[in-house]
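Worksheet for the structure shown next.
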Amino acid sequence: MKVGSLFSGIGGIDLGFMQAGFEVAWAIESNHASCETYRANFRGTVLIEQDIRKVNAEDLPPVDVIAAGFPCQA
């Protein structure tokens, strides 16, 4: 099954899905530092580095599951 990841951060939730046998089709994250880490750890995943409010959902490939992170506190 394919997963779409919202508010992906550095990919913690995505890693869990991948370890369970899912494929992460795409991920969306706006924080540049988080995106750098995500790209280093998930080289095969399409990462959209953009504010989610500016992403057109119709442009995203279909997925079976939507995962979403929650805000991390410093």
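The values are calculated or read from the model by the stated rules, or taken from the named source; none is laboratory data. Since the structure is predicted, the reported quantities are computational estimates derived from the model, not experimental observations. Using ideal geometry, Cβ is built from the backbone for each residue, glycine included, and neighbour counts are taken over all protein chains shown. Ligands, DNA and RNA are stripped out before the accessible areas are found, and what is left, the full protein with its side chains, is counted by its heavy atoms. Shrake-Rupley method; radii C 1.70, N 1.55, O 1.52, S 1.80 Å.
For region 44-65, enumerate the residues that are open to solvent by 50 Å² or more (accessible area, probe 1.4 Å) and either of a type in the set (D, E, K, R) or touching a helix residue (DSSP H, G or I) at 6+ places or on another chain (Cβ under 8 Å) (or both).
Hits for region 44-65 are Glu49, Arg53, Lys54, Glu58, Asp59, Asp64.
Among the candidates Ala20, Ala33, Ala68, Ala40, which residue alone is small (Gly, Ala, Ser), in contact (Cβ under 8 Å) with a residue 12 or more places away in the chain, open to solvent by 40 Å² or more (accessible area, probe 1.4 Å) and on the phi < 0 side of the Ramachandran plot? Before the answer, list the steps.
Numbers: Ala20 fails: in contact (Cβ under 8 Å) with a residue 12 or more places away in the chain; Ala33 fails: in contact (Cβ under 8 Å) with a residue 12 or more places away in the chain; Ala40 fails: in contact (Cβ under 8 Å) with a residue 12 or more places away in the chain.
None of the others qualify; the one that does is Ala68.
Which ones in region 36-52 are more than 19 Å from Ile66 (Cβ to Cβ) and not β-branched (Val, Ile, Thr)?
Correct list: Glu36, Arg39, Ala40, Asn41, Arg43, Gly44.
Of all residues in region 4-17, how many are open to solvent by 70 Å² or more (accessible area, probe 1.4 Å) and either touching a Gly at 6+ places or on another chain (Cβ under 6 Å) or among the aromatic types (Phe, Trp, Tyr) (or both)?
1
Could you tell me how many of the residues in region 24-54 are in contact with a strand residue (DSSP E or B) (Cβ under 8 Å, 6 or more places away or on another chain) and not in a helix (DSSP H, G or I)?
Applying the first criterion (in contact with a strand residue (DSSP E or B) (Cβ under 8 Å, 6 or more places away or on another chain)) to region 24-54 yields 24-30, 32, 35, 38-39, 42, 45-50, 52.
Next, only the ones that are not in a helix (DSSP H, G or I) stay: 24-30, 42, 45-50.
The qualifying residues number 14.
In region 1-23, what residues are among the aliphatic types (A, V, I, L, M) and either under 14 Å from Ala68 (Cα atoms) or part of a helix (DSSP H, G or I) (or both)?
Those that are among the aliphatic types (A, V, I, L, M) and either under 14 Å from Ala68 (Cα atoms) or part of a helix (DSSP H, G or I) (or both): Val3, Leu6, Ile10, Ile13, Leu15, Met18.
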